[in-house]
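Structure record follows, encoded as structure tokens.
The values are calculated or read from the model by the stated rules, or taken from the named source; none is laboratory data. All of these numbers come straight from a predicted model, not from anything done at the bench. Here Cβ is always computed from backbone atoms with ideal geometry, including for glycine, and neighbour counts include all displayed protein chains. When the accessible area is computed, the model is the full protein with side chains, heavy atoms only, and any ligands, DNA or RNA have been set aside. Shrake-Rupley method; radii C 1.70, N 1.55, O 1.52, S 1.80 Å.
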Amino acid sequence: QVQLVESGGGLVQAGGSLRLSCAASGSIFSINDMGWYRQAPGKQRELVATITIGGGTNYVDSVKGRFTLSRDNAKNTVYLQMTSLKPEDTAVYLCNADIYPNRYFHTHYWGQGTQVTVSS
């Protein structure tokens with residue numbers, strides 16, 4: 001019933017930019033933390049960035065200064081603005097959100113992922 005829909009992935013040249021979006025829909029009472037993970041071939045899944053309901057953010061060191069996470073609570077949407085992209089940013093990017101479908105229960109939900117490919 002609750003689902004996360006991601007968009008914005010694609011192919012971009014090194015140094016370029018992309019903006020990923022993740023919109024939550026369905027039966028939602030509230031959303032706490034939201035974030036993005038990425039999974040590159042041959043590498044472990046990595047937490048890229050998180051954002052609290054109040055807008056506080058944390059980033060993995062490798063993307064600091066290049067990626068910006070934001071959210072629009074009215075739209076139940078989180079955005080990842082990626083600039084100065086590098087080939088090592090190539091991965092499937094996965095949205096994650098801690099969602100209360102009602103006031104008594106919460107759990108983490110995952111999007112299906114969106115591919116980001118950065119060419120040299």
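Within a straight-line Cα-Cα reach of under 15 Å, residue 43 can be paired with the following aspartates and glutamates, leaving aside sequence neighbours fewer than 8 residues apart in one chain: 88, 89. Highest mean packing comes first when the peptides 21-30, 52-61 are listed by Cβ atoms within 10 Å, giving 21-30, 52-61.
What net charge do the residues around residue 88 carry, taking every other residue with its C-beta under 12 Å from that of residue 88, with Lys and Arg at +1 and Asp and Glu at -1? Once positives and negatives cancel, what remains is +2.
Listed by chain and number, the aspartates and glutamates whose alpha-carbon sits under 15 Å from that of residue 86, ignoring those within fewer than 8 places in the same chain, are 61.
Evaluated at q = 0.09, 0.20, 0.22 Å⁻¹, a Debye calculation over the C-alpha positions of the chain (equal weights, vacuum) places log10 I(q)/I(0) at -0.23, -1.05, -1.23. Could you look at the chain and say what percent of its accessible area is carbon and sulfur, using a 1.4 Å probe and all protein chains? Roughly 48 percent, rounded to a whole number.
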